[in-house]
Amino acid sequence: MAADPSPSRDTTPLASNLRRREVLALVGYALAAPQASLAQTRARPVIGYLGPESPLPFASRLKAFREGLAESGYVEGRNVEIAYRWAEGRYNRLPTLAAELASQNVDVIAAPGGAPVALAAKSATVTIPIVFEMGGDPVALGVVDSLSHSRSNLTGISSLSVEVSGKRLEFVHELLPNAAAFAVIVNPTSPTVSSQLRDLSTAANALGVRLHVLNASTEADFDTAFAALPHLEAGGIVFTSDPYFANRSQQLAALTERHSVPAITQSRDFPMAGGLMSYGGDFTQSHRRAGLYVGRILNGEKASDLPVQLVTKVELFINLKTAGSLGVTVPPALMSSADMVIE
């Protein structure tokens with residue numbers, strides 16, 4: 001893969017303050033958005049935004065979504081309103097929140113953040129257009145019956161994050177070739193967990209290593225999983241693709257540092273927060289495209305006429321400083337294939 005073309009970030013205090021203000025303004029907008037009934041006469045179209053998290057951990061994804069929305073001519077507060085519902089990381093709340101948005105008769109529902117969000121939105125309405133964003137195969141998961149023509153009120157964006165779980169194991173094994181076993185941390189409430197475990201098992205058999213599967217669907221579960229690692233003699237950790245993990249990258253990076261364990265996740269946020277490595281789809285592109293699709297529907301296009309888009313770019317990020325602190329040597333071949341090496 002080619003080196004990451006993005007310009008270097010300005011790390012001066014002024015730039016940091018500006019970025020902090022930008023994030024706080026973004027989050028404030030999401031928190032202050034009207035949650036009352038939308039039944040009153042509306043001068044502007046209303047997007048129902050179903051979020052799996054809370055605004056702060058979702059800020060970078062919200063920003064990308066709004067950029068896509070702006071590309072199609074819509075700016076929140078100017079010519080479109082967004083009604084937010086946040087699940088706070090609890091997937092069991094999603095169906096109720098989706099039903100609330102549907103009852104408000106919003107013009108379109110944005111369901112970014114994975115299969116649980118898309119399935120909840122689908123269960124809430126068959127008439128309101130829905131634009132999803134996920135890392136798995138929407139056909140295999142029953143979200144749509146075709147990528148080219150959904151023949152329903154759903155369309156959206158899918159990346160390859162779920163399909164590359166086995167590749168994550170290959171990468172961490174390449175770093176730790178003498179490790180006989182690895183821990184896999186999964187969210188048992190995710191609809192993609194079975195397929196990811198099958199892929200990981202296939203990869204483990206090919207590599208000749210054992211897997212220890214640990215469940216985590218709450219933040220308290222992380223401490224339990226990490227406490228079990230010394231007894232498992234696992235060389236490192238592979239996190240399956242899941243929005244719950246992706247949106248807790250800072251917490252997971254801190255845990256891997258505290259326990260001195262190499263780990264790989266799906267989200268670039270993890271190595272950027274001090275974790276070792278990530279491999280997954282480009283979430284900025286998938287969320288931006290979801291915003292663009294929402295805008296196209298507001299402009300009159302039908303969800304059934306918009307094919308599901310695939311974001312085929314998969315990013316490999318490596319934190320070289322973290323590798324050094326863990327005593328891990330990154331092979332030159334792996335280094336050269338990385339999209340971003342953080343030094």
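No lab work stands behind these numbers, since they all come straight from the coordinates. All of these numbers come straight from a predicted model, not from anything done at the bench. Neighbour counts are summed over all protein chains in view; Cβ atoms, including those assigned to glycine, are modelled from backbone coordinates with ideal geometry.
A few remarks follow.
- Peptide ranges 143-156, 321-334, 196-209, 243-256 listed from the most packed, as the mean C-beta count within 10 angstrom indicates: 243-256, 143-156, 196-209, 321-334
- Prolate/oblate/rounded call for the stretch 208-343, Cα gyration tensor, a/c under 1.5 rounded: prolate
- Taking a sphere under 12 Å around the Cβ of P52 and counting the other residues whose Cβ falls inside, with K and R at +1 and D and E at -1, yields a net charge of +1.
- Near A140, once Lys and Arg are set to +1 and Asp and Glu to -1 for all other residues with Cβ below 13 Å from its Cβ, the sum equals -3.
- Annotation: for a label point projected 7 angstrom from Cα along Cα→Cβ of A140, residues of the stretch 148-170 with backbone N closer than 17 Å are 148, 157-170.
- Charging the Cβ of each Asp and Glu at -1 and of each Lys and Arg at +1, and nothing else, the dipole of the chain about its Cα centre rounds to 600 debye.
- Three-way shape label, the stretch 183-251, alpha-carbon gyration tensor, a/c 1.5: oblate
- Summed residue charge, Cβ within 10 Å of A64's Cβ, Lys/Arg positive, Asp/Glu negative: +2
- About the centre of its Cα atoms, the stretch 68-126 shows a dipole size close to 240 debye [charges on the beta carbon of Lys, Arg (+1) and Asp, Glu (-1) only; nearest 20 debye].
- Cα gyration tensor category, rounded, prolate or oblate, for the chain with a/c compared to 1.5: prolate
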